[in-house]
Amino acid sequence: MKIAFIGLGNMGAPMARNLLKNGHTLNVFDLSRDAVQSLVDAGATASASPKAAATGVELVITMLPAAAHVKSVLTADDGVLAGIARGVTIVDSSTIDPASAQGFAKLAAEHGNPFVDAPVSGGTGGAAAGTLTFMVGANATAYEQVNPVLAVMGKNIVHCGDTGMGQVAKICNNLLLGITMAGVAEAMSLGAALGIDPKVLAGIVNTSTGRCWSSDTYNPFPGIIETAPSSRGYTGGFGTDLMLKDLGLAADAAKSAKQPIYLGALAQQLYQTMSQHGDGGLDFSAVIKLYRDVGAKR
């Protein structure tokens, strides 16, 4: 297919490369010239605007930081809706609030375009390997249409329900992720303070009832997992400020549903503290610094 891909950040760029590797033709757009050039070097065509990228394509994919960016890319004078043909589907893989996704779907429908929300899980490693999980909110027809393209970038494509339900799944997943990472950081820091070898403790946790992705794949204690951000100074990966954004989305959604999120609220405060300390650009597993830095001062 001829596809427009808009948003070439840490997740979008490797996703776009996987499309190119599998024979799709891409028009790409991003505010970063270096990001665009990297994709051009891989075989994509640079576009001067979202409108230009969306002109003459069969599918549009966006991967952007927040709902405000999605709105701008869609509705600006040089935005997607100004260039897209009627009937062409828009897939948004950004993580935004469900209400915004539903609003964008309504706006796109008024222009004659189906809209699919398809946020992802799996991190930058999954994006590069093409093993992401896509949580898809769409009607059955749109889901069947986009499934083969999403399958090039992910190995688990889940139809969560109508538009917005992909975002519901994503914010609930990341709510849990933020909580479990803080829990693993707390447990690992306590074990180290009490004198156990962190590698021994991690090995026990990862073969016992405390096992979870935050421990066995992305352990926040340095030196436990070589491929984890904790072993490279918490660089790369999923930024603390992005986790804070997602927890904010969960908190807002919980408020609208009158549903309590006790642990989520505490996790939100932990990541907010990190951000205020200037660590918002570090991977979110750096939450362990809140525990280890205190211990180091004793």
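Among the residues of the stretch 239-266, those identified as within 18 Å of Pro220 (Cβ to Cβ) and within 18 Å of the chain's Cα centre (by Cα) are Gly239, Thr240, Asp241, Leu242, Met243, Leu244, Asp246, Leu247.
The single residue among Ala48, Ala53 that is crowded, with 24+ Cβ neighbours inside 10 Å and within 17 Å of Ile84 (Cβ to Cβ) turns out to be Ala53. Considering the stretch 123-152, the residues that are within 27 Å of Asp283 (Cα to Cα) and surrounded by 21 or more Cβ atoms within 10 Å (Cβ to Cβ) include one that is modelled with the lowest pLDDT, namely Gly123. Filtering the stretch 125-144 to residues that are part of a helix (DSSP H, G or I) and out of contact with any strand residue (DSSP E or B) (no Cβ under 6 Å at 6 or more places or on another chain) leaves Gly125, Ala127, Ala128, Ala129, Ala140, Thr141, Glu144. Return yes or no: is Ala108 surrounded by 21 or more Cβ atoms within 10 Å (Cβ to Cβ) and more than 20 Å from the chain's Cα centre (by Cα)? Yes, satisfied. The C-beta contact set for the stretch 258-285 (first residue not assigned by TED's automatic domain parsing to the domain that holds Ser230, second residue surrounded by fewer than 21 Cβ atoms within 10 Å (Cβ to Cβ), distance under 9 angstrom, 6+ apart or interchain) is empty. Check Ser275, Ser285 and return the single one that is part of a helix (DSSP H, G or I), of a type in the set (Ser, Thr, Tyr) and farther than 15 Å from Ile179 by Cα. Checking each option against the conditions leaves just Ser275.
One residue alone among Gly126, Gly130, Gly137 is assigned by TED's automatic domain parsing to the domain that holds Thr95, touching a residue at least 60 places away in the same chain (Cβ under 8 Å) and among the small types (Gly, Ala, Ser), and that residue is Gly130. Of the candidates Ala16, Ala85, the single residue that is of a type outside the set (Val, Ile, Thr) and buried (at least 21 other Cβ atoms within 10 Å of the Cβ) is Ala16.
Looking across the stretch 76-112, the residues that are farther than 25 Å from Gly123 by Cα, in a loop (DSSP other than H, G, I, E, B) and either among the β-branched types (Val, Ile, Thr) or touching a residue at least 40 places away in the same chain (Cβ under 8 Å) (or both) come down to Ile84, Val88. Scanning the stretch 88-102 for residues that are crowded, with 17+ Cβ neighbours inside 10 Å and not hydroxyl-bearing (Ser, Thr, Tyr) yields Val88, Ile90, Val91, Asp92, Ile96, Asp97, Pro98, Ala101, Gln102.
The values are calculated or read from the model by the stated rules, or taken from the named source; none is laboratory data. Note that the structure is a prediction, hence the values are computed from the model and not measured. Heads up, the Cβs are rebuilt from the backbone with ideal geometry, glycines too, and the neighbour counts pull from every protein chain shown.
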